[in-house]
Every structure is written in structure tokens, then in C-alpha cells.
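The values are calculated or read from the model by the stated rules, or taken from the named source; none is laboratory data. On a predicted model such as this, the values are computed, not experimentally measured, just so you know. Counting neighbours? That spans all protein chains shown, and the Cβs are built from the backbone with ideal geometry, glycine included.
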Amino acid sequence: MNAVARWVKVVGDRVVAAAALIALAPLLVAIAILVRITSPGPVLHRRRVLGLHGAAFDAFKFRTMVVNADELLRAHPQLSAAFNANSKIRNDPRVTAVGRVLRKLSLDELPQLVNVVRGQMSLVGPRMIAPDEAAKYGAALPKRLSVKPGMTGLWQVHGRQEIDYTQRIALDLQYIDQWSLWLDLLILLKTIPAVLSMKGAY
């Protein structure tokens, strides 16, 4: 990634994210109200993830689960095993009715635009990972942490949750190796139909 392209990506990320936050403000408020009135608990969920060079930060999402989701996971070994294997659970009983719709359309991730404006994330990049996922990258971890995580990326436009964890890692590393501004634009354009199709989301 040359210096000029890196600068364009950094500036472009923040400008586009800030503009999107302003344009989507009515939708964001409406979703926040809907989350609040349909399920007790906070509107936002903070997920601790690893950013550039391994610096940890809180990634924002609209809350899509019941407030005692972690307790339910620990109480059900089968759910816990499924989550540990894939970081997601199909037909997760902890997800609220509103949360299920938000996830299908990836609307729960819109608050991450704030993370992009803060410089913690990019619009396009490898998927975010929690600290306990880092070991799954093995020797490739330094490469993975050499760039910011993205709101969307190669794995999101190649099946979303339908692809297994090994494939996600491979796509993350492929993105880093092949990165260009053109690739970012192509992924952004592919993200729209991928989200609207609601395939591979749960």
C-alpha cells in the first residue's frame, strides 16, 4: 500500500463515514428507538476487538441480543461450542425479533460508522476479530493486524456467515495481499446486493 493510496483511503473513509452518519441520522434514530422499546437494555452493544497493530477498541453495534446473552451462552454447552467454532450461531435463541431483522440487513453494524470516523476502522477491510480469535490466525496474525478492520470486506461479499472460519481467514489475507482502491470500490458496490439478498446472514 503506497503512501498516496493509504492517505486517500484514510481520508476517504472518514469523509464518507461522516457524510453517511449525517444522511442516515433519521434511520439511526428510528432503529435506536425500536431497539429500546422492544427489548430491555442498552441501545448499543460494544464489542472489544483488535484494531491496527493489535490496539484494542470497542466496535459499536445496535444491540441485537437479550441483555443476559453471555450468561445464556455459558449455560448451554452446545451453543458455546457452536460459537467457539464459528464465532456465530445459526438460529441463535439469544437474538431478539428486531435484532434478527437488523442482522439480516446488516443494519446493526451502522454505528460502526462512528468507529470509522474515529480512525479505528475502515469502510472496507478484513473482518474485525476479538482478542480470543487472534490465535486462529497463527503465523498470519501480524499480517492480519497490519491493517484496520472493515465494516465490509471480501468475506461479506462471498457468502457472509455461510463460509467457514478457515475461508474467512483466507479471504482476509487475500484482501491484504491484493489491496487497491479499485478493490475497495468493487467490494463496496458488491456489498449492497449482498446485504439486500439477505443470504448468509444470521
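Conditions (1) modelled with pLDDT of 90 or more; (2) closer than 20 Å to residue 113 by Cα; (3) out of contact with any Gly (no Cβ under 8 Å at 6 or more places or on another chain), marked per residue:
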site: 135; (1), (2), (3): yes, no, yes
site: 143; (1), (2), (3): yes, no, yes
site: 149; (1), (2), (3): yes, yes, no
site: 155; (1), (2), (3): no, yes, yes
site: 160; (1), (2), (3): no, yes, no
site: 163; (1), (2), (3): no, no, no
site: 168; (1), (2), (3): no, no, yes
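All conditions but one from (1) over 30 Å from residue 182 (Cβ atoms); (2) of a type in the set (Gly, Ala, Ser); (3) modelled with pLDDT of 90 or more; (4) surrounded by fewer than 18 Cβ atoms within 10 Å (Cβ to Cβ) apply to residue 54; the one that does not is (1).
Here's the yes/no breakdown for (1) of a type in the set (Val, Ile, Thr); (2) over 17 Å from residue 57 (Cα atoms):
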residue: 112; (1), (2): no, no
residue: 138; (1), (2): no, yes
residue: 149; (1), (2): no, no
residue: 152; (1), (2): yes, yes
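Within the stretch 1-10, the set of residues being more than 13 Å from residue 184 (Cβ to Cβ) and assigned to a helix (DSSP H, G or I) comprises 3, 4, 7. Applying the selection to the stretch 119-130, what residues are modelled with pLDDT of 95 or more and more than 16 Å from residue 6 (Cα to Cα)? If the condition is that a residue be modelled with pLDDT of 95 or more and more than 16 Å from residue 6 (Cα to Cα), then no residue fits. Kindly indicate the residue of the stretch 26-56 that is in a strand (DSSP E or B) and not hydrophobic (A, V, I, L, M, F, W, C) and also farthest from residue 118 (Cα to Cα) among those meeting that condition. So the residue we want is 45.
No other residue among 113, 105, 123 is more than 11 Å from the chain's Cα centre (by Cα) and in contact (Cβ under 8 Å) with a residue 40 or more places away in the chain apart from 105.
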